[in-house]
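Undergrad: This structure is in structure tokens; I'll ask about it shortly.
The values are calculated or read from the model by the stated rules, or taken from the named source; none is laboratory data. Only a predicted model underlies this, so the values are computations on that prediction, with no experimental measurement involved. Cβ: placed from backbone, ideal geometry, glycine included. Neighbour counts: every protein chain shown.
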Amino acid sequence: MPKHNNALTPSAVSLAALPFVGRLRDAQGRHARCCWVVRPSGDYTADGATGHAYARAFLAWLHQTGFTPALGWIIAAMQARGDEADAGLRAAFLDEVARHAFAGFGVIGAAAGAQEVPPCRMH
């Protein structure tokens, strides 16, 4: 896996190829890149399927680039959106990323000699 790099690299620039990254007008009327430009369908289940697909596209991109700061950019953009219309998209996207992270934790724990992976607890 490539090393993580916080600088604006070709990996960061290629983020624009993801289906949920686009340009929006900022407060000054300029077009700025936004890491969560989505069009909810109004159907929570359909949006969930789309959110899972978006996450898999992101995870494939992340595997190729190793540019981990992008996840923070995406989450910040989700929060900045400020409405609940995209709730199905967000929930499914984050669920898919969390599932992959937890699966990776199990692999890393096993490789490190851990006897058991602690259960995921919902609070």
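Undergrad: Looking at segment 38-56, which of its residues are in a helix (DSSP H, G or I) and surrounded by 15 or more Cβ atoms within 10 Å (Cβ to Cβ)? So that I can check it myself, show each step before the final result.
TA: Step one: filter segment 38-56 for residues in a helix (DSSP H, G or I), giving 44-56.
Of everything in segment 38-56, those that are in a helix (DSSP H, G or I) and surrounded by 15 or more Cβ atoms within 10 Å (Cβ to Cβ) turn out to be Asp47, Gly48, Thr50, Gly51, His52, Ala53, Tyr54, Ala55.
Undergrad: Please verify whether segment 76-88 includes one or more residues that are at pLDDT 95 or above and closer than 13 Å to Leu15 by Cα.
TA: Checking segment 76-88: not a single residue is at pLDDT 95 or above and closer than 13 Å to Leu15 by Cα.
Undergrad: Identify, please: which residue in segment 58-79 is without any contact (Cβ under 8 Å) to a residue 24 or more places away in the chain and surrounded by fewer than 18 Cβ atoms within 10 Å (Cβ to Cβ) and is, among those, farthest from Glu96 (Cα to Cα)?
TA: Looking only at segment 58-79, we keep the residues that are without any contact (Cβ under 8 Å) to a residue 24 or more places away in the chain, and these are 60, 62, 72, 75, 79.
Right, trim to surrounded by fewer than 18 Cβ atoms within 10 Å (Cβ to Cβ) and you get 60, 72, 75, 79.
Details: Ala60: 12, Gly72: 15, Ile75: 14, Gln79: 18 Å.
So, considering only residues that are without any contact (Cβ under 8 Å) to a residue 24 or more places away in the chain and surrounded by fewer than 18 Cβ atoms within 10 Å (Cβ to Cβ), the one farthest from Glu96 (Cα to Cα) is Gln79.
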